[in-house]
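Okay, structure first, notes after.
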Amino acid sequence: MKIAIAGAGSIGCYLGGRLQLAGHDVVYIGRARLGQSIAEHGLTVSDYLGLSETIPGRDCVFTEDIDAAGDADAVLVTVKSAASAGIAESLAGGLRPGAHVVSLQNGIRNPAVIAEYITQHSVIAGMVGFNVAHIAPGHFHQGTQGKLALARGAESVANALGDSGLPTDLHDDMLAVQWGKLLVNLNNAVNALSGLPLKSELEDRNFRRVLAAAQREALELLRRVGQAVVSPLAAPITLMPWVLRTPDPIFSRLARQMVTIDPQARSSMLDDLEAGRSTEIDYINGEVVALAAQLGRSAPVNATLVDLVRAATEGSRTQWDGAELLREIGRGVGCGERSARA
């Protein structure tokens, strides 16, 4: 297949590299600085199972020109959520008939946003169930276990990804899948505020207790609106708050049965904070806050995490230890409860 990666960052370059290694014709559309890095160092993709392959830079077609997607069989949209409308508007009207547009982004809203602009093509909701980190120039590493998920309608894309060594499931209810991934991604804020690799952060019970509180809050809201949730982990997502609160030795044993995380894994939100970029906090924890508002309720745990990440983005405190963050969340919960009673 001819596949365009629209917004080639960590996820886009990793998926594109895997597809290219499997023989597909890939064009990467992204920032010139990243393209120059790949031209100099090549494109390396690696994973927690020991895969490590490098594509020479001269063999990677990297451009800033969105028109390069015009003749693609499929366009994988991997930009940050805030850029969805802009890239969709740029793509609209320039795609060949029958091309699939697949949103492989965090959050809930992106496929609908893209479909507002791209009305003549099928826009497919997707989900990336694993972590990818940019660990060296041109080097993108899958640090956790997980699968890809796509809504039905883009079987050819799912087959291409699967044949590239990226297990891909097809789903009828992608909204339930997206909410399941968002519940896991509530940890992105905790990880970003910790400043630690994912594995190290999750080894700290205080950080886990913060995440458990955020997930429990979100699950209660989802229950109230009757929204089904599909877990991206090898365990029901409803059990996660309990698992996260268990003592370290018990958690370690349980976690090994649910997901593999290697020491290099880290959240994209931590990368964004360290690089001084805006984060996707409004599209992850912010979605929980928005859902609570729709129900006339509050979501103080997630609201506090949103506020702390926003403050860190603006140059305020960027790193917390687990005990401090747990205390700060407790203060936020107290304020939220008083606000709700008022």
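The values are calculated or read from the model by the stated rules, or taken from the named source; none is laboratory data. Given the structure is predicted, the values throughout are model-derived calculations rather than measurements. Neighbour counts run over all protein chains shown; Cβ positions are idealised from the backbone, glycine included. Areas reflect the complete protein model, heavy atoms only, side chains present, ligands, DNA and RNA absent. Shrake-Rupley method; radii C 1.70, N 1.55, O 1.52, S 1.80 Å.
Rundown of residues vs (1) touching a strand residue (DSSP E or B) at 6+ places or on another chain (Cβ under 7 Å); (2) in contact (Cβ under 8 Å) with a residue 12 or more places away in the chain; (3) crowded, with 22+ Cβ neighbours inside 10 Å; (4) not assigned by the TED database to the domain that holds LEU193, yes/no style:
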{"site": "PRO249", "(1), (2), (3), (4)": "no, no, no, no"}
{"site": "ASP262", "(1), (2), (3), (4)": "no, yes, no, no"}
{"site": "SER267", "(1), (2), (3), (4)": "no, yes, yes, no"}
{"site": "ASP272", "(1), (2), (3), (4)": "no, yes, no, no"}
{"site": "ILE281", "(1), (2), (3), (4)": "no, yes, yes, no"}
{"site": "ASN285", "(1), (2), (3), (4)": "no, yes, yes, no"}
{"site": "ARG297", "(1), (2), (3), (4)": "no, yes, no, no"}
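From LEU211, LEU193, LEU186, which residue is in the same structural domain as TYR283 (by the TED database), without any contact (Cβ under 8 Å) to a residue 40 or more places away in the chain and not basic (Lys, Arg)? It is LEU211.
Among residues of segment 19-40 that are closer than 13 Å to ARG58 by Cβ, those with a Cβ under 7 angstrom from a residue that is part of a helix (DSSP H, G or I), sequence gap 6+ or separate chain, pair up as ILE38/GLY57; ALA39/GLY57; GLU40/GLY57. Has segment 222-230 got at least one residue that is of a type in the set (D, E, K, R), at pLDDT below 95 and not assigned by the TED database to the domain that holds VAL79? No; the residues of segment 222-230 include none that is of a type in the set (D, E, K, R), at pLDDT below 95 and not assigned by the TED database to the domain that holds VAL79. So, of the residues in segment 253-271 that are part of a helix (DSSP H, G or I) and at pLDDT 90 or above, which turns out to be nearest to SER200 (Cα to Cα)? Residue satisfying both the conditions and the ranking: LEU270. Being in contact with a helix residue (DSSP H, G or I) (Cβ under 8 Å, 6 or more places away or on another chain), in the same structural domain as TYR14 (by the TED database) and of a type in the set (S, T, N, Q) is the requirement here; does THR144 meet it? Yes. Within segment 272-322, which residues are closer than 19 Å to LYS80 by Cβ, part of a loop (DSSP other than H, G, I, E, B) and not hydroxyl-bearing (Ser, Thr, Tyr)? Scanning segment 272-322 gives GLY276, ARG277, GLU280, ILE284, GLU314.
Going by what's in this entry, would ARG216 be described as touching a helix residue (DSSP H, G or I) at 6+ places or on another chain (Cβ under 7 Å) and buried (at least 19 other Cβ atoms within 10 Å of the Cβ)? Taking the combined requirement at face value, the residue does not satisfy it.
Exactly one residue among GLU337, GLU328, GLU324, GLU314 is open to solvent by 60 Å² or more (accessible area, probe 1.4 Å), more than 21 Å from the chain's Cα centre (by Cα) and modelled with pLDDT of 90 or more, and that residue is GLU314.
A single entry from GLY50, GLY86 fulfils the requirement of being of a type outside the set (Lys, Arg), surrounded by fewer than 19 Cβ atoms within 10 Å (Cβ to Cβ), outside any loop (DSSP other than H, G, I, E, B) and not assigned by the TED database to the domain that holds TRP179: GLY86.
Can you go through ALA255, ALA235 and tell me which one is in the same structural domain as GLY180 (by the TED database), buried (at least 20 other Cβ atoms within 10 Å of the Cβ) and small (Gly, Ala, Ser)? Spell out the reasoning first.
Values: ALA235 fails: buried (at least 20 other Cβ atoms within 10 Å of the Cβ).
Every option except ALA255 fails the conditions.
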